[in-house]
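Computed from the coordinates by the stated procedures, all read-outs in this text should not be read as laboratory data. Values in this document were obtained by computation on a predicted structure and should not be read as measured data. Neighbour counts are summed over all protein chains in view; Cβ atoms, including those assigned to glycine, are modelled from backbone coordinates with ideal geometry.
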Amino acid sequence: MKPRYVVDTNVLIAASAADPVHPKDIDATPSDPDLRLQVWEWLERFRSSDARMVLDAENQIYEEYTNKLGFNDFGIQVVMHKWSTAATDDVFVKYDPDGHGVLPASLVPVIHDLADRKMVAAALEAVRVFGQAPVAFAGDTDWHEWENQLVQHGVELEPIIEQWSRAKFAEKKLR
């Protein structure tokens, strides 16, 4: 584990769907139960580690989490655990009038998923403040598309189910 992470919402959703104690019947990617379990295992390791969770001080990331999951879902419980153990780092993210994270001009045409802009903006600010904060992701293959440009801005990625996500990204590029 790295010292801190920006955790994409798809990680919390897939892990909540795979929770061995209280699985959630939700639409999550990937649909394969074994891959979901791998995401759950990563999130459980993250929960029990000293790694810190990066959130935005404006709570837009947490709001996205709670729009997708309920209080008792595993993913939200991980966030609560990190808060209750003082293992979160809040960064200041600027938002545009539409509520999307403000990015450097060079990334605006790259990060086409407007909802992910807040994650990227939080990661950029965490890199500026702390020196490192990879984005952990699972089912969203767009991160692979943006990888080279993000790395140029100092943002690392941690694909949790990398073999699957790279294969899905390759399939997507062929369409």
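With θ taken as phi - 60° and the coefficients 6.51, -1.76 and 1.60, list the Karplus ³J(HN,Hα) couplings across the stretch 39-51 in order, rounded to whole Hz; mark glycine and proline as x.
5, 4, 4, 4, 5, 5, 4, 4, 4, 8, 8, 7, 4
Can you list residues from other chains, or at least 5 along the same chain, whose modelled amide H is less than 5 Å from the amide H of Asp90?
Leu55
Under 19 Å from the 7 Å Cα→Cβ point of Phe92, by amide nitrogen: which residues of the stretch 121-150?
121-132
Take every DSSP beta bridge with both residues inside the stretch 4-174 and express the antiparallel ones as a percent of the total, to the nearest 5. Could you put the intermediate results ahead of the total?
On the way: 1 of 12 bridges.
Percent antiparallel among DSSP bridges in the stretch 4-174 is about 10.
Under 17 Å Cα-Cα from Lys24, which lysines qualify once same-chain neighbours fewer than 8 residues away are excluded?
Here the lysines satisfying the reach criterion relative to Lys24 are Lys68.
Roughly how many whole Å is it from the C-alpha centroid of the stretch 62-108 to that of the stretch 117-165?
14
Report the semi-axes of the equivalent ellipsoid for the stretch 1-112 in whole Å, largest first, where each axis is √(5λ) for an eigenvalue λ of the Cα gyration tensor. Could you put the intermediate results ahead of the total?
Details: eigenvalues 122, 59, 36 Å².
Rounded to whole Å, the semi-axes are 25, 17, 13.
Determine ³J(HN,Hα), in whole Hz, for all residues of the stretch 99-108 in sequence, where each value follows from phi through the Karplus function 6.51 cos²θ - 1.76 cosθ + 1.60 and θ = phi - 60°; x replaces Gly and Pro.
x, 9, x, 7, 10, x, 3, 5, 9, 4
Between Ala57 and Leu174, what is the spin-label point distance in nm, taking each point 7 Å from the Cα along the Cα→C-beta axis?
About 4.7 nm separates the two model spin labels.
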